[in-house]
1. Which one is surrounded by the fewest Cβ atoms within 10 Å (Cβ to Cβ) among residues in segment 60-78 that are under 14 Å from Cys13 (Cβ atoms) and without any contact (Cβ under 8 Å) to a residue 24 or more places away in the chain?
2. Give the residue that is modelled with the lowest pLDDT, with candidates limited to residues of segment 29-54 that are closer than 15 Å to Asp19 by Cα and out of contact with any strand residue (DSSP E or B) (no Cβ under 6 Å at 6 or more places or on another chain).
3. For segment 20-54, give me each residue that is touching a residue at least 40 places away in the same chain (Cβ under 8 Å) and either surrounded by 13 or more Cβ atoms within 10 Å (Cβ to Cβ) or assigned to a strand (DSSP E or B) (or both).
4. Could you please find all residues in segment 1-19 being in contact (Cβ under 8 Å) with a residue 12 or more places away in the chain and among the aliphatic types (A, V, I, L, M)?
Amino acid sequence: MSKLNNYVVSLYCGDTYLDVYGSVDKDEPDVGYIGGIDIEDVCIADTETSVLEMIHGLGGWAKFEISVQEAYVARNDG
């Protein structure tokens, strides 16, 4: 997977800075759809060391997805 083509946002998770890769679904208000981020991979920043399975394994995936969405919105609103 070419990570340069699907970068979404970077954020801190605890003390670790992570790069999130995936795709962004845009809002479609005419049909009532609120877009979101489809996460494909999560790596330690500036590396190709994936921590996706670790995040899933620790049971914090739902909270992580919310954090990614908030970081993406903050980056694009600020």
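The values are calculated or read from the model by the stated rules, or taken from the named source; none is laboratory data. Because the structure is a prediction, the values reported are computed rather than measured. Here Cβ is always computed from backbone atoms with ideal geometry, including for glycine, and neighbour counts include all displayed protein chains.
1. So, considering only residues that are under 14 Å from Cys13 (Cβ atoms) and without any contact (Cβ under 8 Å) to a residue 24 or more places away in the chain, the one surrounded by the fewest Cβ atoms within 10 Å (Cβ to Cβ) is Ala62.
2. Glu48
3. Val20, Val24, Asp41, Cys43
4. Selection gives Met1, Val8, Val9, Leu11, Leu18.
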